[in-house]
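Okay, so here's the structure we're looking at.
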Amino acid sequence: MVPGEIAWRWTFGITSAVLIIISFHTYLSSIEISRAEYETLKAFEPFTWMAITVRLLHAIAEGTRVMGPVLFPSLALLWIGLATVGRVITVRALSAEKAHPNWMASLLLHVLRVIAVLAAVLAYLGAGILISRTIDPKAHFGASFTLSLFSMLAVASIWGALNWLLSVAAIFTSKDGAGVRESLSEGVALFATGKGAINLWFALMRTAALIAISYFSFFLVPFLLSGNWLAPAIVIVVLSMAYFAFADFLYIWRLAAYIGLTEPEPEVEEAPPPPQLLAPEQVLIENSQPPSVADPGAPMETGWEGVKADS
C-alpha cells in the first residue's frame, strides 16, 4: 500500500516537474545574469538576490500567463485521474472490511478539491487587487503588507479546512460506496467528535521535517555557487526525495488512522457469569438440614430381618 501511494504521487510529481521545466525553459533562459551579479550572488549580497528574484518571478508570471491556460488544466486532469484511482486502491488495502468504492463520487470529490485550489488562488488575487485599490502601497506599505498577509492566512485557513473535509470524505466513497453528500456529512460528523484533531500532529511532524531539510540544504548553496555543483546538487536531490517519501509515509499513516476511526468497533462477546459461591454460613446451614422424608407412596424397602420373617 505504501509503494502504491508513493507510485501515483511521484508519477504526478515527476510528470509535472518535467512539463513545467520544459515549458518554462524558454522564459527562464531569457533572464541574463551578468558576471558582477554572479559574483555578488556568491557573496550573498541581499539586494542582488532580491533583484534577480524579482526578474525571475516576472519571467515566471509571464510564462504562466502564456502557457497556464494549457499547462495547468492538463496537470489538473492528470492529478484527478491518478488521485481517484490511487485513493480507492490505498483505502481498499488499509480497510479491515471489504471495500465497495463509488468511483463517480470519488471522482467528483477530487474535482471539488481542484476547484477549491483554483478558488483559493482567485480569492487571494482578488483580495490583493482590492487592497491595492483601497490603500496605496507606496504611501502605506506597512498597512498594505499587513492586510495582504492576513488575507493570505484567511484564505489558506479556509482552503485547508475545506481540503481536509474533501480528503476525509474520499474515505467513505472509497470504502463504503457513499455518495458525495453522504460522505461530506460523515466527514463533518468525524470532525464534530474531535477525532479529526490528529491531523495537527501529522502537520507538525511534516513541518518539522521540511524545516530540517531546508536548513541543511541552505548550507549547500555556497558549494553550488562555487563551481563544484554536482555533489551538492546530488545531496539536495537525495534530501528532497527523502522528505517527499517521509511526507507520503505520514500521509498514509494519517489516512490509516482516519480509516480506523471510521470502522465499527469489533463486538466483544460477553463471558458467562462465574459460578456463584456460597458463603461459609450458608454451607453450614444446608449441611445441618435433616434429610428429606421419603415419599409415603413409594414401596418401603425391608431390611434383612424382614426378609427372614417373610421366609
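With viscosity set to 1.567 mPa s at 4 °C, what whole-number translational diffusion coefficient in µm²/s follows for region 146-214 from Stokes-Einstein and a Kirkwood radius over Cα pairs?
Estimated via Stokes-Einstein, D reaches 94 µm²/s.
Once both labels are modelled 7 Å past Cα along the beta-carbon direction, what's the residue 220-residue 72 spacing in nm?
Roughly 3.0 nm, to one decimal.
Work out how much length residue 149 to residue 10 would gain on full extension: take 0.36 nm times their residue separation and subtract the Cα-Cα distance, in nm to one decimal.
Taking residue 149 through residue 10 to full extension adds about 46.9 nm, to one decimal.
If each of residue 57 and residue 253 carries a label point 7 Å out from its Cα toward its Cβ, how far apart are those two points in nm?
Taking the two extended label points, one gets 3.5 nm.
Based on the alpha-carbon gyration tensor of region 87-190 and its eigenvalue square roots a ≥ b ≥ c, which shape applies: rounded if a/c is under 1.5, prolate if not and a/b is larger than b/c, or oblate?
prolate
For residue 209 and residue 261, calculate 0.36 nm times their separation in residues minus their Cα-Cα distance, and state this gained length in nm to one decimal.
So the extension gain works out to 16.1 nm.
Only the coordinates and a few stated rules stand behind these numbers; no lab work does. These numbers come from a predicted model, not from an experiment. Note that each Cβ is placed from the backbone with ideal geometry, even for glycine, and that neighbours are counted across all protein chains shown.
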